[in-house]
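Here's the structure, in structure tokens; my notes come after.
The values are calculated or read from the model by the stated rules, or taken from the named source; none is laboratory data. Just so we're clear, the structure is a prediction, and the values are computed from it rather than from any experiment. Don't worry about glycine lacking a Cβ; one is built from the backbone with ideal geometry, like all the others, and counts go over all protein chains shown.
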Amino acid sequence: SSSSSSSSSPISYDEVLPALEKMQHPLGYAWSIASHLNGVKNTDELRKEYEANQPKVVQASMKFGQSKVLYDALSSLRTSWETADEEAATSSFLAAQRRRAVSNTLRSMTLQGVGLPVGSPEQVRFNEIKLRFAELSTAFSNNVLDATKAFGLTVTDPSDVEDVPESALAMWAEAHKRFLVKEAETEGDEEKKTEAEGMEVDAAKGPWRITLDGPSYIAAMQHMPNRDVRKKVYLGYLTRASEFTASEAEAKAEAEAEAEAADNKGEETKEEKAPIGKNNVLIIEEILKLRKEMAGLLGFDNYAEMSLASKMAPDVASVTNLSNLILEKALPAAQRELAAAT
């Protein structure tokens, strides 16, 4: 209560940040596991649940980040340290780290909109943007993952893989077998699936299937002697989830959605938002627009200024000058390498 707080001793560090950490840790820990699984073991079921719960996690984070009570407590703590003996307050490593933790948290809360009036149009819009960011970020990652899975290049000519390490050949040969099994599953052909599962993998004779998964892609770019094959793999990697691949991916997603709707015909379904789309170029463009708007809501001229508020660089001009300096040194070398390679 206000009467008890006026007569009580000043708030202590242990009453604020450590207590906050205990409150945030369970959700943060559980969500970090979900995020990791969504990235490395992505399935339709996990993706659906992840996307359904993400807004709740973002909203919970915003409640902490925009808590006036928490911000006032941290501000009071910092003020009490500033009015205390400076030498005593910074004499130990622990004291210095606590000061830094409080300062960083206050800065982070400022960038999360704690200064926006509660319930104001600015705060409402800011929170809408944060939720949209989470949506777009997940869609971006899913699009890259889907595009990576969708690409595959089958090589049948042994001369195309001449002198390629045996480990890479074995990996590609096994990938071809998995592709045939999956293809049969998609077609619903049990006989073809059984035949594919029983197929003997021969790394020396192939066929070989190159994918965009890291180990497969890197091996192809390092060891594949056929320039045309390398080009196809490289362009496949470079154009993932772009305007060059989005149409086909969106058509496939639409067909799958229609099939699911047909299967669920007669069941009560909740209204769903329009899908974001498979073209990450459009997602990037929307993110850039929203970043500028969000920065403006917090009083910054642009997002670069907002980003630098938590970084070592003093201002946008310093970053631009450093980038130009690197460009002057690196571009001639890059041009020489390109000329030597072509």
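Checked against the criterion of being out of contact with any Leu (no Cβ under 8 Å at 6 or more places or on another chain), among the hydroxyl-bearing types (Ser, Thr, Tyr) and without any contact (Cβ under 8 Å) to a residue 24 or more places away in the chain, the stretch 149-157 has no qualifying residue. Within the stretch 179-214, the set of residues being touching a strand residue (DSSP E or B) at 6+ places or on another chain (Cβ under 6 Å) and without any contact (Cβ under 8 Å) to a residue 40 or more places away in the chain comprises just one member, 179.
Output yes when any residue across the stretch 215-228 is more than 26 Å from residue 140 (Cβ to Cβ), polar (S, T, N, Q) and either surrounded by 15 or more Cβ atoms within 10 Å (Cβ to Cβ) or free of Cβ contacts under 8 Å to residues at least 60 places away in the same chain (or both), and no when none is. First the steps, then the outcome.
Filtering the stretch 215-228 down to residues more than 26 Å from residue 140 (Cβ to Cβ) leaves 219, 222-228.
Narrowing the set further to residues that are polar (S, T, N, Q) leaves 222, 226.
Filter once more, so that each one left must be either surrounded by 15 or more Cβ atoms within 10 Å (Cβ to Cβ) or free of Cβ contacts under 8 Å to residues at least 60 places away in the same chain (or both): 222, 226.
Checked the stretch 215-228: at least one residue is more than 26 Å from residue 140 (Cβ to Cβ), polar (S, T, N, Q) and either surrounded by 15 or more Cβ atoms within 10 Å (Cβ to Cβ) or free of Cβ contacts under 8 Å to residues at least 60 places away in the same chain (or both).
When the stretch 150-168 is filtered for residues that are over 17 Å from residue 232 (Cβ atoms) and part of a helix (DSSP H, G or I), the ones remaining, listed by number, are 158, 166, 167.
Do any helices (runs of 4 or more DSSP H) lying entirely in the stretch 25-129 carry at least 1 residues that are of a type in the set (A, V, I, L, M) and either touching a residue at least 60 places away in the same chain (Cβ under 8 Å) or under 26 Å from residue 303 (Cβ atoms) (or both), and which ones are they?
44-65, 68-83, 93-111
Restricted to the stretch 227-257, and to residues there that are modelled with pLDDT of 65 or more and of a type in the set (Asp, Glu), the residue that is farthest from residue 163 (Cα to Cα) is 254. Of the listed requirements (1) surrounded by fewer than 12 Cβ atoms within 10 Å (Cβ to Cβ); (2) of a type in the set (S, T, N, Q); (3) touching a His at 6+ places or on another chain (Cβ under 8 Å), residue 97 misses just one: (3).
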